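Okay, so here's the structure we're looking at.
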Amino acid sequence: MQKASDLFIKNIKNLPIWVKQVITKEINEEISNKLNEFSQLVETDNLFQYMCPKLTFKGKQELQERAQKYSEGYYIFMQDILDNNNMFEITIKNHWTFADTAKIFVRLMELEYVQIPDQTENSNIAVALFIAGKIKTGEFLKRIGKINVLQLEQAIRYQKELMEEGRHIKMASILIKLGFISDKGLDSLLLLKEEAKRHMSCELGITSLKYDAPQDQQDLITRMQKEVARLENENLIMKKRLKKLLNIND
């Protein structure tokens, strides 16, 4: 059975090359603008989305016996990683948000049901913990190397002093005040966390449609081809009328 993520990528790859050129340029510019202060989070070879954790012996036993009676999502996740699915596939396949996937992963890691590959970058785990709400902004920035331990301790002390004065200021604002991150950097962090909560809505296209009888799929394809031909013909007629109206010669 073809993976949902493969179908999604396949439909993108089937676009004409001139369309993909535009998409690539627009996407690269958007990512660069929105996450330019966190380049380590956009390195394509080390994305959390590509990570494939493994079930431990304890995890395999719980998946088989379901002794702890966790919610179904936990067992779906464990079965998916047993099937060697990565985080992107798990999220797409189950129609979860990326935050849902991160929360389940972190919890199963805490329970020692899953283990991460040895070569996994620390930033991947930091992203999962941050999106899942397990670590706050300061700790996240420290884990990805954006600030160091001394800077974080300085920010914590400053926050504590302000709280003693009755002033409650979020850590992110303190980090900006101390010059450790910029306003744009904060916007990037908020975007990273908020967009992880969004459900991904995408049409996988006709290649994702499954039928009991191959003829049913072929009938649909034929109808769609006829409709496309009809629309193209109407478009051609409209062009001819417009040229005639504007007195344009080919």
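The values are calculated or read from the model by the stated rules, or taken from the named source; none is laboratory data. Predicted model, so just to flag it, every value in this text is computed and none were measured. Glycine gets a Cβ as well: all are built from the backbone with ideal geometry, and neighbour counts include every protein chain shown.
A few comments on the model shown:
- In region 178-188, residue surrounded by the fewest Cβ atoms within 10 Å (Cβ to Cβ) [restricted to those that are touching a residue at least 12 places away in the same chain (Cβ under 8 Å) and under 12 Å from Q154 (Cβ atoms)]: L178
- Taking the conditions (1) in contact (Cβ under 8 Å) with a residue 24 or more places away in the chain; (2) surrounded by fewer than 16 Cβ atoms within 10 Å (Cβ to Cβ) in turn, I27 satisfies each one other than (1).
- Matching residues in region 50-81 - criterion: being part of a helix (DSSP H, G or I), of a type outside the set (D, E, K, R) and within 19 Å of D118 (Cβ to Cβ): Y50, F57, G59, I81
- Filter result (more than 15 Å from the chain's Cα centre (by Cα) and among the polar types (S, T, N, Q)) within region 90-122: Q115, Q119, T120, N122
- Restricting L47, L82 to those that are in the same structural domain as E121 (by TED's automatic domain parsing) and in contact with a Lys or Arg (Cβ under 8 Å, 6 or more places away or on another chain) reduces the list to L82.
- Reported count of residues in region 144-176, each being among the basic types (K, R) and modelled with pLDDT under 90, is 3.
Listed here are the residues, each with its yes/no results for (1) buried (at least 20 other Cβ atoms within 10 Å of the Cβ); (2) closer than 30 Å to S182 by Cβ.
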{"residue": "S71", "(1), (2)": "no, no"}
{"residue": "H95", "(1), (2)": "no, no"}
{"residue": "F98", "(1), (2)": "yes, yes"}
{"residue": "Y113", "(1), (2)": "yes, no"}
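- For region 132-184, taking the residues that are in a helix (DSSP H, G or I) and aromatic (F, W, Y), the one that is farthest from T101 (Cα to Cα) is identified as Y158.
- The residue that is surrounded by the most Cβ atoms within 10 Å (Cβ to Cβ), counting only those in region 115-143 that are charged (D, E, K, R) and either farther than 21 Å from I156 by Cα or out of contact with any helix residue (DSSP H, G or I) (no Cβ under 8 Å at 6 or more places or on another chain) (or both), is E121.
- Restricting L63, L7, L111, L55 to residues that are touching a Gly at 6+ places or on another chain (Cβ under 9 Å) and at pLDDT 95 or above narrows the list to L111.
- Check on I104, assigned by TED's automatic domain parsing to the domain that holds K60 and in contact with an Asp or Glu (Cβ under 6 Å, 6 or more places away or on another chain): no
Residue-by-condition table, conditions (1) at pLDDT 95 or above; (2) more than 18 Å from K134 (Cβ to Cβ); (3) of a type in the set (A, V, I, L, M, F, W, C):
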site: V22; (1), (2), (3): no, yes, yes
site: N33; (1), (2), (3): no, yes, no
site: D45; (1), (2), (3): no, yes, no
site: M51; (1), (2), (3): no, no, yes
site: G59; (1), (2), (3): yes, yes, no
site: M87; (1), (2), (3): no, no, yes
